[in-house]
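Visitor: The structure that follows is given in the form of structure tokens.
What follows is calculated from the coordinates using simple rules that are stated; it is not laboratory data. These figures come from a predicted structure and were not determined experimentally. For neighbour counting, all protein chains shown are included, and Cβ atoms are generated from backbone atoms with ideal geometry for every residue, glycine included.
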Amino acid sequence: MTPAPFTSALTAPLFGDAEAAEILSDQAFIAHMITVEAALARACAAVGLVRPADAEALCVTLAQARISPEQLGTGMASAGVPVPALVAELRKNCGAEGQALHWGATSQDIVDCAHVLQWCALADLLAGRLSALLDAMAALSAAQADTVMAGRTRSQIATPITLGLRIATWAQPLITLEAELPDLKTRLMRVQFGGSSGSGSAVGEKAGVLSMALAQELGLAPAPCWHLDRSGPQALGAWLVRLSASLGKLARDLSLAGRSEIGEIRAGTGGGSSTMPQKSNPVSAEAVISLAQYTTALQPLLAQAAMAQEERDGAAWALEWLALPQMGVAASAGLRHAHALITSLQADLARMAAHLDAGQGAVMAEAASFALARHMPRAEAGRVVKQALEAARNTGTSLAQVLREDDKFGALEDWTRCLAPESAQPAAEAMRARIWALRDGPDARDRRAAISRQKPESGD
């Protein structure tokens, strides 16, 4: 099996995501580091640390630079970071303007700023996909608002709900995640500049203004050095975990609902078996579950990156490189599969009705108890319903029929109407509407619009 499942020609079509992989690729990272070096040169010129002519000439040279990952690999292995090798390669094409290159910065400043640009691009990709998924879920939830089905708690049939409500509950944590994206991007879009030990000592009293100038050049927010404050990448990782887990819950429910003995919902293109012609395996749903489990398993690893030693810890810092890209690609792939599942979802109304009718009407036992509680103490109402259910099972009739024909209780309620599963639809619809109102209000629309306005500079 491959050590690179997200880029392997064999496994990437299932577990990978080409767009996310491109955003997080070596080549994109190198391009962002060069962008940061050019922005640093312009910022240094703006605050009088280097000659403007040198900075301008350097930016022209950097815009023409073409450096491959292979050129930096040996240097990465030697230094533990790619920046020394990158700077050495860039200097090969520089004349006098090379004096303005990498002025006052440390490798972590360049790497972290480049990663910020990557993280923001990834957040934009995820925002678009999450919005498209929620749009599809909202439409499907509305279309299935009257489709009554059995709700299940602790793997047992409980009370009637609607498919529209179930879809809304899948969407509820995703709505929250979408609403949090503007704040997440704000936390990510911070400039990194601290120099060797985080004090900016190489540029002295100009460290603060240089940091602000660099932030302006990159389209990021000014910030004190955050070499040791990893709350931004930690927040991104936590958001990715919650996204993946929410998608995994959706996929797990779809996998269960499609089981042969349940068969209430079909979604995705079923995968065949090598020996059993009747099989239609829930491959897409399984992939989402696997990706969610993988992403959540990486969170403890990422958390350890926050426990850096002293002013810089190469071991802790590197954990972000080992965890965040994989989490990002896995979450992106999960969204891709989830959208395909939702847009292909089909309900089997006959199977849903059959499960509601099974058990002699036990699915309406709660409704019967609360209806009787209008006429007697609640505990007594519960005992009456239990006895009626036992009688229904013994006679092969239904709970509604037993209560309707009972001399003492038959006239208390219209049991046929009261115990029809469809009577649960209004309550389910009210809850469904409340969930979607979280996304449909003007504040939520404003937050979604804000995401698209948060764009760092793309560079030269």
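Visitor: Cα gyration tensor of segment 362-418, axes a ≥ b ≥ c as square roots of the eigenvalues: rounded (a/c below 1.5), prolate (a/b > b/c) or oblate?
Guide: Prolate is the answer for segment 362-418, as a/c is 1.5 or above and a/b outweighs b/c.
Visitor: Which of the aspartates and glutamates could a cross-linker bridge to residue 408, judged by Cα under 20 Å and excluding same-chain residues fewer than eight apart?
Guide: Within the straight-line cut-off, residue 408 pairs with 366, 380, 390.
Visitor: Amide H to amide H under 5 Å from residue 281: which residues, 5+ apart in sequence or cross-chain, H placed 1.01 Å off N in plane?
Guide: 271, 272
Visitor: In the neighborhood of residue 99, defined by Cβ-to-Cβ distances under 9 Å, what is the net charge if each Lys or Arg adds +1 and each Asp or Glu adds -1? Please list the in-between numbers first.
Guide: Numbers: positive: 51; negative: 54, 97.
With Lys, Arg at +1 and Asp, Glu at -1, the net is -1.
Visitor: Per 0.36 nm of contour for each residue apart, how much would the distance between residue 394 and residue 206 grow if the chain were fully extended, relative to their Cα-Cα spacing? Walk me through the numbers before you get to the answer.
Guide: Details: separation 188, 0.36 × 188 = 67.68 nm, distance 8.75 nm.
The span from residue 394 to residue 206 would gain 58.9 nm if fully extended.
Visitor: Right, next: Cut-off is 10 Å between beta-carbons; in what order do 321, 415, 226 appear when sorted fewest neighbours first? Numbers along the way, then the final one.
Guide: Working: 321 14, 415 26, 226 18.
Exposure proxy ranking, most exposed first: 321, 226, 415.
Visitor: Near the amide H of residue 106, under 5 Å away, which other amide H atoms are found, from residues 5 or more places off or on another chain, if H is placed in the peptide plane?
Guide: Excluding prolines and chain starts, which carry no amide H, the hits are 194, 195.
Visitor: Moving on to the next point. With the contact rule set at Cα under 8 Å and sequence spacing of 6 or more, what percent relative contact order holds for the chain? All intermediate terms of the calculation are to be shown ahead of the outcome.
Guide: Details: 675 pairs, mean separation 86.2, N = 460.
Rounded, it is 19 percent for the chain.
Visitor: Based on other C-beta atoms within 10 Å, arrange 36, 116 from fewest to most. Working shown, then result.
Guide: Details: 36 29, 116 23.
Fewest-to-most ranking of 36, 116: 116, 36.
Visitor: Provide the per-residue ³J(HN,Hα) series for segment 321-326, in order, calculated from phi with Karplus coefficients 6.51, -1.76, 1.60 and θ = phi - 60°, each as a whole number of Hz, with x at glycine and proline positions.
Guide: 5, 7, 9, 4, x, 5
Visitor: Which of the trypsin sites (Lys or Arg not before Pro) found in segment 330-390 are in a DSSP loop and have at most 11 neighbouring Cβ atoms, other than their own, within 10 Å? Spell out each step's value before the answer.
Guide: Details: sites: 336, 351, 374, 378, 383, 386; in loops: 374.
Here the trypsin sites (Lys or Arg not before Pro) that fit, given the DSSP loop and packing criteria, are 374.
Visitor: Ordered by residue, what ³J(HN,Hα) values in Hz, to whole numbers, does segment 339-354 give under the Karplus form 6.51 cos²θ - 1.76 cosθ + 1.60, where θ = phi - 60° and Gly and Pro are x?
Guide: 5, 5, 5, 5, 6, 10, 5, 10, 9, 9, 5, 5, 5, 4, 5, 4
Visitor: Cut-off is 10 Å between beta-carbons; in what order do 344, 25, 255 appear when sorted fewest neighbours first? Intermediate results must be reported in sequence, preceding the final value.
Guide: Working: 344 12, 25 15, 255 20.
Ascending number of Cβ neighbours within 10 Å: 344, 25, 255.
Visitor: Just from its helices, what would the mean residue ellipticity at 222 nm be for the chain, if runs of 4 or more DSSP H residues each count -39500 (n - 2.57) and the sum is divided by every residue, rounded to the nearest 500 deg cm²/dmol? All intermediate terms of the calculation are to be shown ahead of the outcome.
Guide: On the way: 19 runs with 290 residues, N = 460.
Helix-only estimate at 222 nm: -20500 deg cm²/dmol.
Visitor: Another question, if that's okay. Applying 1/(1 + (r/R0)^6) with R0 = 35 Å to the Cβ-Cβ distance of residue 179 and residue 306, what FRET efficiency is obtained, to the nearest 0.05? Before the final figure, lay out the partial values.
Guide: Details: r = 25 Å, r/R0 = 0.71.
Here the calculated transfer efficiency is 0.90.
Visitor: Which ³J(HN,Hα) values, rounded to whole Hz and listed in residue order, are derived for segment 32-41 from phi using the Karplus coefficients 6.51, -1.76 and 1.60 in 6.51 cos²θ - 1.76 cosθ + 1.60 with θ = phi - 60°, glycine and proline given as x?
Guide: Each residue's phi maps through the Karplus curve to give 5, 4, 5, 4, 5, 4, 5, 5, 5, 4 Hz.
Visitor: Tell me, what is the percent relative contact order of segment 322-394, built from C-alpha pairs under 8 Å that lie six or more residues apart?
Guide: Details: 21 pairs, mean separation 16.5, N = 73.
After rounding, I find 23 percent.
Visitor: Cα convex hull of the chain: how many Å³ per residue?
Guide: Convex hull of Cα atoms, per residue: 178 Å³.
Visitor: May I ask you to derive the FRET efficiency for residue 405 and residue 343 from their Cβ-Cβ distance with R0 = 56 Å, giving the value to the nearest 0.05?
Guide: 0.75
Visitor: Ignoring the sites themselves, what is the longest stretch of the chain with no GluC sites (Glu not before Pro) in a DSSP loop and at most 10 other beta-carbon atoms within 10 Å?
Guide: Values: sites that count: 261, 310.
In the chain, the maximal stretch lacking such sites is 1-260.
Visitor: Specify whether the C-alpha gyration tensor of segment 312-383 places it in the rounded, prolate or oblate class, a ≥ b ≥ c being the square roots of the eigenvalues: rounded for a/c under 1.5, otherwise prolate if a/b is larger than b/c and oblate if not. Please list the in-between numbers first.
Guide: Numbers: a/c = 6.20, a/b = 2.21, b/c = 2.81.
Oblate shape, in that a/c is at least 1.5 and b/c is the bigger or equal ratio.
Visitor: Once you sort the root eigenvalues of the Cα gyration tensor of segment 196-236 as a ≥ b ≥ c, which label holds: rounded (a/c under 1.5), prolate (a/b larger than b/c) or oblate (the other case)? Present the calculation step by step, with values, prior to reporting the outcome.
Guide: Numbers: a/c = 3.37, a/b = 1.34, b/c = 2.51.
Oblate is the answer for segment 196-236, as a/c is 1.5 or above yet b/c matches or exceeds a/b.
Visitor: Can you list which of the trypsin sites (Lys or Arg not before Pro) found in segment 143-236 are DSSP loop residues with at most 10 other C-beta atoms within 10 Å? It would help to have the intermediate numbers written out before the result.
Guide: Details: sites: 152, 154, 166, 185, 187, 190, 206, 230; in loops: 154, 230.
Filter output for segment 143-236: 154.
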